[in-house]
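The values are calculated or read from the model by the stated rules, or taken from the named source; none is laboratory data. Just so it is clear, the model here is predicted, and its values are computed rather than measured. Cβ placement follows ideal geometry from the backbone for every residue including glycine, while neighbour counts extend to all protein chains displayed. Surface areas here come from the heavy atoms of the whole protein model, side chains and all, with no ligands, DNA or RNA. Shrake-Rupley method; radii C 1.70, N 1.55, O 1.52, S 1.80 Å.
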Amino acid sequence: MSTELLGIAAIFGATVLLAIPLGRYLATVYRGDRSWSDFLAPLENGLYRLSGINPAREMSWQQHLQTLLTINVLWFVWAMFVFCFQGSLPLNPDGNPSMSADQAFNTAISFLVNCNLQHYSGETGLTYLSQLVGIMFLQFVTAATGMAACVVVFNALRDRSADKLGNFYVYFVRSITRVLLPLSLVLGLLLVFQGTPMTFAGKQALITLQGDTTAVSRGPAAAMIAIKQLGTNGGGFFGVNSAHPLENPTCLTNMAENLSITLIPMALALALGFYLRRPKLGYMVFGVMTASYLLLQVPTVYLEMHGNPALATLGVDQTLGALEGKEMRLGSAASALWAIQTTVTSNGSVNAMHDSLTPLSGMNAMLGMMTNAFYGGVGVGLLNFFVFIIVAVFISGLMVGRTPELLGKKIEAREMKIATIVALLQPLMILGGTALAAHLYVSNPTEYASWLANPGYHGFSEMLYEYTSAAANNGSGFEGLGDNTPWWNISTGLVLLLSRYLPIIGPVAIAGLLAGKKYIPESAGTLRVDTATFGLMVFFVIWIIAALAFFPALALGPLAEHFSIGY
Amino acid sequence: MKNNIASAFRLTLALLVLCCGAYPALVWGAAQVAPGQGQGVQVSHKGRVVGFEDVGQKFDRPEYFSSRPSAVDYRADGSGGSNKGPTNPEYVAEVGTRVAAFLRLNPSVKPGQVPVEMVTASGSGLDPHISPAGAYAQVERVARLRGLPAARVKALVDAHVQEPIFVLLGPVTVNVLQLNLALDTLTEK
Amino acid sequence: MSNSLFQPALVSEAVKQAFVKLDPRVMVRNPVMFTVELGTVVMLLVTLGLLVRPDPTQGSFGYNFAVFLVLLLTLLFANFAEAIAEARGKAQAESLRKTREETPARVVDERGTENMVSSSQLRKGQFFLVEAGEIIPTDGEIVEGLATIDESAITGESAPVIREAGGDKSSVTGGTKVLSDRIKVVVTTEPGESFLDKMIALVEGASRQKTPNEIALTILLAGFTLVFIIVCLTLQPFAAYANTPIAVASFIALFVCLIPTTIGGLLSAIGIAGMDRALRANVITKSGKAVETAGDIDVLLLDKTGTITIGNRKATHFWPAPGVAV
Amino acid sequence: MSTIASLTDETPEGKSIVELALTQQVDALKLKVHLKGAELIKFTAETRSSGVTLADGTRIRKGAADAIRQLTERAGKAYPAEVVERVQLVASNGGTPLVVSHNDEVLGVVELQDIIKPGIQERFERLRRMGIKTVMVTGDNPLTAKFIAEKAGVDDFIAEAKPEDKMQYIRAEQQQGKLVAMMGDGTNDAPALAQADVGVAMNSGTQAAKEAGNMVDLDNDPTKLIEVVEIGKQLLMTRGTLTTFSIANDVAKYFAIVPALFMVGIPALGALNVMGLKSPQSAILSAVIFNALLIPALVPLALRGVAYKPVGASALLRRNLLIYGLGGVVAPFIGIKLIDLVVGLFM
């Protein structure tokens, strides 16, 4: 058991060790400084030429957002087309059908917003073409979108006054060519050599050793799984995601895939410091994120390794931990590690079924998504964190007797208004959605009986988790929830859209407004934001604001379930 | 704005070629020299493909080492967990039934020592592994039903215990398919 | 100025104002406390309803009434805080107002003819004369003469000051008293806009506007309030799912406790008190914003003379030239 | 002799020379005798000297070194090298040298020194720790200005300042994004007062200056700005700390009310009742009572303001976070529990 603990410590440690140089590299690439990857410049220039883009044209924050939204709409149309006609398009060896319009809509939206909530099962719901040019394409470009928006904010925070904040396409293309593609290639190759399929052959029928007839689904999985993990996308090739023995065959792939979840989000947090040439700022952000993350992670590992207390009296030897919904080859510790890392980062891929986690572990997973800023999704996690920084800067600025300022820019009513709206969104979406669903369920429990796979408090947790996952653009689920109904498709779809774009628009707008303000050089009276003290303040703000809003809901779900064991 | 749309459209096309053409082609090319040529590593017995090394299969005949319970009955063209909540009374009762069944099948195992993976469903429903404890608990039964000395079967299990990669990544496991395959080979000799 | 924060006279006035300020049209300016007022009204209705028809799920009448009373007290306390801050300013304004009472003014026209008019009739650009022992009728600048003036009425400083024509010390303030000599003054403000008038308006809070920081903070507090409105509203269906009906009193109590009533109730008192503290330091600020900005100052320009050094230079040595005896 | 020249001089400098003379046992009364029938020569910008011509025709002059030098040299008298040296030495020490002549013959040099206000260094040190740069504005020459600036501990100075120099300095600082405050009284200060972010006019100042600034100091005390800065900081700090306190309170309130809401329906949630409150109803009443009492309890703090200490922003934040953040989390646990003990007696 202690080797399992060492194993997850090694995964986490390796991620941090890789994230630091990657952070430096990201800063270099986005600043446009010389780096070893400059041999890719001709490829990028080719892309700009083909697309008629002038990479030297700088954009205002409004133009950035306009560009971002325009291209997103195009991708949506493209994805809809692929999913609706996949049955008649090539690369469909298993003869899977086209999607219905509403399911195509749901899937397109879900992948467009980098959420990857799946209301289909990969083996039967998609063709290989859809997996590649629909799903995998969106997994690349939506991750790059988040990163590009994040770099716009980086740029806006530099110590000067400016209206022009670089070219969106440049940030976007570089995110793909310099970061996502190379890393995906490395991970994809590792997966292939560990046994993950990369084939265009269809599923294989066979007779098992003891004589049963079965078939094994396959496909061009390795390439897609790599970007799924790296881009905090999470939508798996197979139905059960990385719990599937072909999607995640060994502990080595598990380490690599797990590491890939947090790698870029961690590196981006550090890159903030390197980009602004204030490395301490990056370490502060990283420190707050890590402390908060560990607050969720440590108890979860402990709980999952100590088994399900509800089974305590049944005569089961639980020295291996709680294994319902978990894979033997991965073990309870590595599954607990993944469960929290995937939820704090809005990745949403799973290597164990979250519905079967012990109650408080489930709560920690939800808290990771409710706060949605501990590392967070690629790019967007830092944007969420940025909103908390604004609130923290505001309150602590007042506390030291100065008009609050962030890196030399004054925070005023307009910025506060935007930050408040974005901060409000999360509780509104999660609590509002769950309240409506709970109300519907209570008003007609027989009609909606198929919704909840589990009764009581856990059933409530399933609904709460679903909206939390949607609002965090996470995509993981308490999968017992019968969510392929019009109600869940429509309501989560709306939540997805609002929760993707407002938290991008808001922080970019704030940063854009700040960038246009006069830069005030630091003095002894300025509150430095790259200190441990300010980090403590941000920590305080996130936990008080983000977590407390959900306390009553969590009390009725996981907490009630937990305390009821053996009561 | 019009320019914007045109650029976005052309960039989308270019990236489709790069990300969905060139990149998967590279991975696919590499797969051709990987174990299983990217088709998945297959396992044959007597010249017949009986399964994939990494994909678990159902063993409910008592002369085989059993696999873990599966929510999808090991149908590998799908996958899935039970999604049972930890305190769901129905679920707790089900585990109780499985514990009783396991004890009945393996009378040598004392209550309280039933390995957890043998009575809980895996996440994928296709878990190919059990723990060494889970295998050893079944040795007595399998040996009896196959008419083999228990020590031989135990030695077979010993030989199939897989230590974690780098000593620390993951738990110690036994691949049920390979164990049963070896068992069949041993019996047939 | 007394050090005591709670002088009896001020407190009784503030208590009265605490009730007056319950008017929803006044309360609505403070979103946090306004929602508390709404909650209080609901509590009152529930309590009254229980009188008519007892309902065991809502708890006893006594309990509900107690919750209502505490909520009402919360509102009154918040209003009291604002009122006591205002009252301190008002008391000061009152003493200033006494000095603004109508005073006779001796106006002179171009030909030197003198005319007695009331101070309120003085127009900008007119000239008037003041002699020792008279009160200066309005703000102006000395054009002729020099006088010692007692400004204690507005500064509280009893030592007389010297004002003279020309140079930088030519300004006189209405309401102050000439102690010696005779001066001719040109009126520099229209009636009702004199320094004294502005000061009174200011301390009374009539021209008090929310400062930028205060506005931003109000937005944040409104945000918090909205979050907790969401939390409380959604709790009802949650509780219904869990089969644990919640009494109205509990809902409102939860809501009122969660929203930032402490800062919400004290916010305007803090702002008024800030201006008031400036006033106590004998500084008149034209807006609350200026006080806030003062807190942000990075660079301070100070005149050497009078600030850094005492008055003027002093002779410290005599160095004789060679062959000269002292 | 210089004393004679100064006796008639009503400027502060002149008076101080007399004072100095008195300390050196010169009999002022005896001197006064000399003045009978004397003709006073006023200081003008052209001659840059003043003095007196006694009844017997003796000309006594004092003034700027080069002015007196001109006088002596025009009269064909020697201007001793020692005097030149002394003049330079005095000037470089921050003093103002006045050369005194008797019938165009140089008598010596009077050294005028600025007396720095006692305690002003500490105030500047305090300002520095608040992160505020202090700039001294003076009409003195740069050499003198530098000397005094160093002695008083100000960070920068504007020497030989004309009104437009102040303006320019303020503009330059503002260009860098800094907020500038200044104090002024004269009409020629009005533009600078208007330009500054905080302009404090002296009440004794001209109407124009009072109109241009956004504050008026009734005491005409030039150091008042320091107080105003602290008041501004206190105002913001009070808001910030009370907001923190208010929000931090929610933790304890949750632990009081949430168990109270659900304990009846879900007894297991009684585990959240960490304060061991007596009953759901007493818990709710205690929480709202605590919430209500907090307002009057904090009124004195709101009115007085949170004390400001110039210890640097981070240290200040740490201190306030500890008192109002941590205190805000802990205090209501104690407060609500105590109130519950009392309320419990009645329920």
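Using mean Cβ contacts within 10 Å as the protection proxy, how do A:45-53, D:275-283, A:245-253 order, highest first?
Listed from highest to lowest mean packing, they are A:245-253, D:275-283, A:45-53.
I need to check one value: relative contact order of chain A, counting alpha carbon pairs closer than 8 Å and at least 6 residues apart, in percent.
Relative contact order of chain A: 18 percent.
To the nearest whole number, what is the average tally of beta carbon atoms from other chains within 10 Å of the beta carbons of peptide C:226-232?
Details: counts 6, 11, 4, 2, 9, 9, 2.
Mean partner shielding for this stretch: 6.
Give the residues of the range B:47-82 whose amide nitrogen is closer than 12 Å to a point set 7 Å from the Cα of A:Asp212 in the direction of its Cβ.
Residues passing the 12 Å test: B:56-61, B:66-78.
Only helical DSSP H runs with n ≥ 4 go in: add -39500 (n - 2.57) per run for chain D, normalise by residue count and round the 222 nm mean residue ellipticity to 500 deg cm²/dmol.
Calculated at 222 nm, the ellipticity per residue is -17000 deg cm²/dmol.
Among the lysines, which fall within straight-line cross-link reach of A:Lys409, defined as a Cα-Cα distance under 25 Å, with same-chain neighbours fewer than 8 residues apart omitted?
Correct list for A:Lys409: A:Lys164, A:Lys280, A:Lys417, A:Lys517, A:Lys518, C:Lys210, C:Lys289, D:Lys133, D:Lys178, D:Lys233, D:Lys309.
How fast does the range B:42-188 diffuse by Stokes-Einstein, in µm²/s, taking the Kirkwood radius from C-alpha pairs at 10 °C and 1.306 mPa s?
Numbers: Rh = 16.0 Å.
Using the Kirkwood radius from Cα pairs, D works out to 99 µm²/s.
If you average 1/r across every pair of different Cα atoms in chain A and take the reciprocal, what Kirkwood value do you get, in Å? Each step should come with its number before you reach the end.
On the way: mean 1/r = 0.0418 Å⁻¹.
Answer for chain A: a Kirkwood hydrodynamic radius of 23.9 Å.
Have a look at the range C:123-190 and give its Rg and Dmax from the Cα atoms, expressed in angstrom.
10.6, 30
Using a 1.4 Å probe over the heavy atoms of the protein chains, calculate the carbon and sulfur portion of the accessible area of chain A as a whole percent.
Details: 10180 of 15130 Å².
C and S atoms contribute 67 percent here.
Label-point separation (nm) for D:Lys42 and D:Lys77, each offset 7 Å from Cα along Cα-to-Cβ?
Going from the D:Lys42 label point to the D:Lys77 one covers 2.5 nm.
For the range D:109-167, rounded, prolate or oblate, judged on the Cα gyration tensor with a ≥ b ≥ c (square roots of eigenvalues), a/c < 1.5 rounded, else prolate if a/b > b/c?
Judged from the Cα gyration tensor, the range D:109-167 comes out oblate (a/c at least 1.5, b/c at or above a/b).
Over all alpha-carbon pairs in the protein assembly as shown, figure out the percentage whose distance exceeds 51 Å.
Counting pairs separated by more than 51 Å, the tail of P(r) holds 45 percent.
Normalised by the number of residues in chain B, what is the relative contact order in percent for Cα pairs under 8 Å and 6+ residues apart?
Averaging sequence separation for qualifying contacts and normalising by length gives 20 percent for chain B.
Can you tell me which aspartates and glutamates have their Cα less than 12 Å from the Cα of C:Lys314? Leave out same-chain residues fewer than eight positions away.
Of all the aspartates and glutamates, those that pass the test against C:Lys314 - Cα under 12 Å, at least 8 places apart if same chain - are D:Glu13, D:Glu19, D:Glu111, D:Asp114.
Quick check on the range A:1-110: take the gyration tensor over C-alpha atoms, sort the square-rooted eigenvalues as a ≥ b ≥ c, and tell me if it's rounded (a/c under 1.5), prolate or oblate.
Judged from the Cα gyration tensor, the range A:1-110 comes out oblate (a/c at least 1.5, b/c at or above a/b).
Kirkwood Rh and Cα-based Rg: tell me the resulting Rg over Rh for chain D, rounded to two decimals.
In chain D, Rg relative to Rh is 1.28.
Among A:408-416, A:445-453, A:213-221, how do they line up from the highest to the lowest mean number of other beta-carbon atoms within 10 Å?
Details: A:408-416: 20.9, A:445-453: 14.3, A:213-221: 22.9.
Per-residue mean Cβ counts within 10 Å order the peptides as A:213-221, A:408-416, A:445-453.
Estimate the FRET efficiency between B:Leu148 and B:Ala22 by the formula 1/(1 + (r/R0)^6), using the beta-carbon distance for r and 56 Å for R0, to the nearest 0.05. All intermediate terms of the calculation are to be shown ahead of the outcome.
Numbers: r = 54 Å, r/R0 = 0.97.
Efficiency computed from Cβ-Cβ geometry: 0.55.
Over every pair of different alpha-carbon atoms in the range A:470-530, take the mean of 1/r and invert it; report that Kirkwood radius in Å.
With all distinct Cα pairs of the range A:470-530 included, I get 15.2 Å.
Averaged over its residues, how many other protein chain Cβ atoms are within 10 Å of peptide B:56-64's Cβ atoms?
3
Take the Cβ-Cβ distance between C:Leu38 and D:Gln88 as r, set R0 to 51 Å, and report the resulting FRET efficiency rounded to the nearest 0.05.
0.05
State to the nearest 20 debye the size of the charge dipole of chain A about its Cα centre, where the only charges are +1 on K and R beta carbons and -1 on D and E beta carbons.
On the way: 27 positive and 29 negative charges, 480 e Å.
Charge dipole, chain A, about its Cα centre: 2300 debye, nearest 20.
For chain B, what is the number of Lys pairs with C-alpha distance below 28 angstrom, counting only pairs 8 or more positions apart or on separate chains?
Summing the qualifying lysine pairs gives 10.
Roughly speaking, what is the centre-to-centre gap between the range C:220-267 and the range D:116-148 when only Cα atoms are used, to the nearest Å?
54
Under 1.5 on a/c is rounded, so check that first for chain C, then, if it is not, pick prolate when a/b is larger than b/c and oblate when it is not; a ≥ b ≥ c are the square roots of the alpha carbon gyration tensor eigenvalues. Mind dumping the intermediate values first?
Numbers: a/c = 3.64, a/b = 2.24, b/c = 1.63.
Since a/c reaches 1.5 and a/b is larger than b/c, the shape of chain C is classed as prolate.
How far apart, in nanometres, would the label points at D:Val311 and A:Thr485 be if each is projected 7 angstrom from Cα along the Cα-to-Cβ direction?
Using points 7 Å along Cα→Cβ, the separation is 5.9 nm.
Let's test this: bin the Cα-Cα distances of the range A:248-341 at 10 Å from zero up to the farthest pair and state each bin's percent.
Per 10 Å bin, starting at 0, the Cα pair percentages come out as 15, 35, 27, 16, 6, 1.
Grab the beta carbon distance between A:Ala9 and A:Ala312, set R0 = 25 Å, and tell me the FRET efficiency rounded to 0.05.
Numbers: r = 27 Å, r/R0 = 1.09.
Computed FRET efficiency for A:Ala9 and A:Ala312 comes out at 0.35.
At a Cα cut-off below 13 Å, give the aspartates and glutamates reachable from D:Lys162, other chains included and same-chain residues fewer than 8 away excluded.
Within reach: C:Asp303, D:Asp140, D:Asp189.
Considering Cα pairs under 8 angstrom that are at least six residues apart, work out the relative contact order of the range C:123-190 and quote it in whole percent. Before the final figure, lay out each step's value.
Numbers: 183 pairs, mean separation 35.7, N = 68.
Rounded, it is 52 percent for the range C:123-190.
Taking the mean number of other Cβ atoms within 10 Å as a proxy for protection, how do you rank C:70-83, D:329-342 from highest to lowest?
Values: C:70-83: 24.5, D:329-342: 18.2.
So the order, starting with the most tightly packed, is C:70-83, D:329-342.
Let me confirm one metric for peptide A:455-464, namely the mean number of other chain beta-carbon atoms within 10 Å of its residues' beta-carbons.
4
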